[in-house]
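Trainee: Pasting in a structure now, in structure tokens, and then I'll have a few things to ask.
The values are calculated or read from the model by the stated rules, or taken from the named source; none is laboratory data. Treat the numbers as computed from the prediction; the structure is a model and nothing was measured. Methodologically, a virtual Cβ is constructed for each residue, glycine included, from the backbone with ideal geometry; neighbour enumeration extends over all protein chains shown. Accessible surface areas use protein heavy atoms only, side chains included; no ligands, DNA or RNA. Shrake-Rupley method; radii C 1.70, N 1.55, O 1.52, S 1.80 Å.
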Amino acid sequence: MEKKILISPSILSGDFVNMEKSVRLLSDWNADLVHCDVMDGVYVPNITFGMPMIRAIRKITDLPLDVHLMITKPEKYVEEFADAGADIITFHPEASENALETIKLIKSKGKKAGIVINAKVDIKPYLYLIDYIDMILIMSVNAGYGGQKFIPESLEKVKIAKEYIEKNKLNVDIEIDGGINEDNVSLVKNAGVNVIVAGSAVYKSSDPKKTIEILKK
Ligand code: DX5
Ligand code: ZN
């Protein structure tokens with residue numbers, strides 16, 4: 001079954017002085033999800049924000065919160081992120097002591113769970129986890145910063161994930177994150193992606209609504 005294309009703008013490229021406006025605008029622009037990049041300065045060099053930000057954003061939008069945890073030992077925090085209002089929680093499996101247990105913990109809170117395959121991480125050892133998740137996120141840049149250049153080799157991982165999902169008749173979304181714009185979006189959609197993260201392409205666009213429309217098409 002063909003899945004609808006969903007756009008998940010990353011608020012990392014939003015205005016940190018006026019995050020309320022940056023989040024509220026997403027509904028006007030017909031975005032589908034709000035992508036929240038949580039970085040701990042350990043798993044990735046950069047530090048962004050944590051549970052208080054998720055709790056604050058939860059109060060001002062009805063869009064689902066797509067929370068991408070770039071943190072070590074995500075199992076320590078997933079319940080708190082769920083309580084803060086996350087709808088989908090994705091984490092990097094190699095950063096977790098026990099990825100399957102972490103998935104189960106997220107699901108036990110009634111939330112959607114996903115794993116993230118970072119640009120330098122091989123997907124094959126983690127394919128079995130797709131049986132237990134709602135979404136797999138393929139990084140098309142090295143996790144850590146917005147505004148980087150798309151890595152075309154990530155498309156191969158999208159295809160491997162799609163093949164596994166189809167072969168096993170699973171209902172799992174494939175999300176891509178990093179360097180997606182109006183020029184390369186068709187490549188990722190053709191490879192099998194149905195959830196598209198876009199930070200700078202949306203927030204730095206002169207017409208973000210139009211950009212989202214193009215990304216969706
Ligand atoms: C990178 C983050 C991405 C990033 C996307 O570590 O996970 O979500 O903000 O931003 P763009 O679309 O600008 O690459
Ligand atoms: Zn992200």
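Trainee: Here is a check on your reading of the model: is residue 52 within 16 Å of ligand 2 (Cβ to nearest atom) and not charged (D, E, K, R)?
Mentor: no
Trainee: Do you know which residues across the range 30-40 are away from ligand 1 (no atom under 13 Å from the Cβ) and either surrounded by fewer than 18 Cβ atoms within 10 Å (Cβ to Cβ) or assigned to a strand (DSSP E or B) (or both)?
Mentor: Selection gives 30 alone.
Trainee: Enumerate the pairs (first residue in the range 66-83 and farther than 17 Å from residue 11 by Cα; second residue anywhere and within 14 Å of ligand 2 (Cβ to nearest atom) and among the charged types (D, E, K, R)) with beta-carbon separation below 7 Å, excluding pairs fewer than 6 apart on the same chain, so at least 6 apart or on different chains.
Mentor: The qualifying pairs are 71/40; 72/40.
Trainee: Here is a further query. How many residues are open to solvent by less than 10 Å² (accessible area, probe 1.4 Å) and closer than 24 Å to residue 138 by Cβ if we restrict to the range 41-70?
Mentor: 8
Trainee: Right, here's the next one. Is the range 106-119 home to any residue that is open to solvent by 10 Å² or more (accessible area, probe 1.4 Å), within 16 Å of ligand 1 (Cβ to nearest atom), under 20 Å from residue 196 (Cα atoms) and not in a strand (DSSP E or B)? Full working, then the answer.
Mentor: Initial filter on the range 106-119 (open to solvent by 10 Å² or more (accessible area, probe 1.4 Å)): 107-112, 118-119.
Going one step further and asking which of them are within 16 Å of ligand 1 (Cβ to nearest atom), we end up with 118-119.
Filter once more, keeping what is under 20 Å from residue 196 (Cα atoms): 118-119.
When the remaining residues are screened for being not in a strand (DSSP E or B), the result is 118-119.
Within the range 106-119, one or more residues are open to solvent by 10 Å² or more (accessible area, probe 1.4 Å), within 16 Å of ligand 1 (Cβ to nearest atom), under 20 Å from residue 196 (Cα atoms) and not in a strand (DSSP E or B).
Trainee: Also: Take residue 23 and tell me if it is within 12 Å of ligand 1 (Cβ to nearest atom) and either closer than 24 Å to residue 193 by Cβ or part of a helix (DSSP H, G or I) (or both). Can you show your working first?
Mentor: Working: within 12 Å of ligand 1 (Cβ to nearest atom): no; either closer than 24 Å to residue 193 by Cβ or part of a helix (DSSP H, G or I) (or both): yes.
Judged against the criteria, residue 23 is not a match.
Trainee: Among the candidates 210, 217, 189, which residue alone is at pLDDT below 95 and of a type in the set (D, E, K, R)? If you could, list the steps in order and put the result at the bottom.
Mentor: Details: 210 fails: at pLDDT below 95; 189 fails: at pLDDT below 95.
Exactly one of 210, 217, 189 is at pLDDT below 95 and of a type in the set (D, E, K, R), namely 217.
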